[in-house]
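The values are calculated or read from the model by the stated rules, or taken from the named source; none is laboratory data. Only a predicted model underlies this, so the values are computations on that prediction, with no experimental measurement involved. Every residue, glycine as well, gets a Cβ built from its backbone with ideal geometry; the counts of neighbours run over all protein chains shown.
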Amino acid sequence: MAWARRGLLPAAAGLGAVVAARAARAGRRLDFRGRSVLITGGSRGLGLVLARELAGEGARLTLLARDAATLERAERELAAGGAEVLAIPCDVRDRGAVEGAVAAAVARHGRLDVVVNNAGVIQVGPLAEMTLADFEEALGVHFWGPLYVTLAALPHLRRQAGARVVNITSIGGQVAVPHLLPYSASKFAGVGLSDGLRAELAKEGIRVTTVVPGCCGPARRRTPASRGGTARSTPGSRSPTRSPSPRSTRAARRGRSSRPAATATPR
Ligand SMILES: NC(=O)c1ccc[n+]([C@@H]2O[C@H](COP(=O)([O-])OP(=O)(O)OC[C@H]3O[C@@H](n4cnc5c(N)ncnc54)[C@H](OP(=O)(O)O)[C@@H]3O)[C@@H](O)[C@H]2O)c1
């Protein structure tokens, strides 16, 4: 063919690939209306901000966290704004409790389309002050929790076109810094889990997004167990002041899969 000889075939093929890639990207955007979305750590902080945004886009929500009073407050606020929301006290480190919560979400909303693994804890201090319990807690919340939630959700996600898993990790899961060793090690594990899931689940049409927030304001810090810390956050601490949630929501909607992560540091 003459136009192929003139070198137009490669150019046309290149342009076609670009157009196809753009169309594919456009086709991946998720409309949250009527979608059932489960958010761990949805009672406050980034999880609650995401819940508000997704409720505003018409999603039906299930929120998981441990503290029942904080959860109820979040549920009341969202319901008052017209959202359909179920709040379930649940420690994501407890596999049985997670399985029960996922079943309850499906029973309430009739389906499950998206899970956002957002629950997090942070212990700050030098290695000498960290105990094994601090490492176990961090890995429980940032690795085992997302794994339990994802495994329990998968049979339901497989039934929905456009299903998504969104893992909120941290820049601490890509760069280790001193005095955050349990946090950093567990976030590295979370990033590895998320990227591995993304590779494995892509062939089933389930998109997995690894969201990597930078520091977005004072997170709730916890004193290590060796210094009298408990499972509660330090009183007076605050939720993020500059939220990465708009970029996290966009990443969830796109279900970005061609790159390993969506960085969500606020500007
Ligand atoms: N804030 C930042 O600067 C920043 C930066 C990078 C990454 N991140 C990540 O973003 C996520 C949200 O951070 P945030 O600042 O919004 O935190 P936050 O305000 O402290 O909220 C943490 C949420 O997780 C829940 N949670 C903690 N442990 C749990 C458990 N074992 N089971 C179930 N829920 C649990 C908390 O509720 P209960 O305590 O009632 O369970 C709460 O709803 C975390 O994964 C964090 O690592 C935050």
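Worth a mention:
- Residue in the range 166-175 that is within 16 Å of A119 (Cα to Cα), at pLDDT 95 or above and in a loop (DSSP other than H, G, I, E, B) present: yes
- Residues in the range 200-217 that are out of contact with any Pro (no Cβ under 9 Å at 6 or more places or on another chain) and of a type in the set (G, A, S): A202, G205.
- Scanning the range 197-230 for residues that are small (G, A, S) and modelled with pLDDT under 75 gives G217, A219, A225, S226, G228, G229.
- Residue that is farthest from the ligand (Cβ to nearest atom), among those in the range 147-168 that are touching a residue at least 60 places away in the same chain (Cβ under 8 Å) and buried (at least 23 other Cβ atoms within 10 Å of the Cβ): R164
- Scan of the range 75-102 for residues that are more than 18 Å from the chain's Cα centre (by Cα) and under 15 Å from G45 (Cβ atoms), ordered by number: E77, L78
- Unique residue being buried (at least 17 other Cβ atoms within 10 Å of the Cβ), more than 21 Å from P155 (Cβ to Cβ) and within 9 Å of the ligand (Cβ to nearest atom) when the list is A87, A74: A74
- Any hit, the range 173-189, residues being among the hydrophobic types (A, V, I, L, M, F, W, C) and closer than 30 Å to E84 by Cα: no
- Every residue from the range 32-56 that is more than 16 Å from the ligand (Cβ to nearest atom) and in contact (Cβ under 8 Å) with a residue 60 or more places away in the chain: F32, R35, S36
- Residues (in contact with a Pro (Cβ under 6 Å, 6 or more places away or on another chain), without any contact (Cβ under 8 Å) to a residue 60 or more places away in the chain and near the ligand (Cβ under 10 Å from one of its atoms)) located in the range 102-146: A138
- Per-region count, the range 120-137, residues surrounded by 24 or more Cβ atoms within 10 Å (Cβ to Cβ) and within 16 Å of the chain's Cα centre (by Cα): 1
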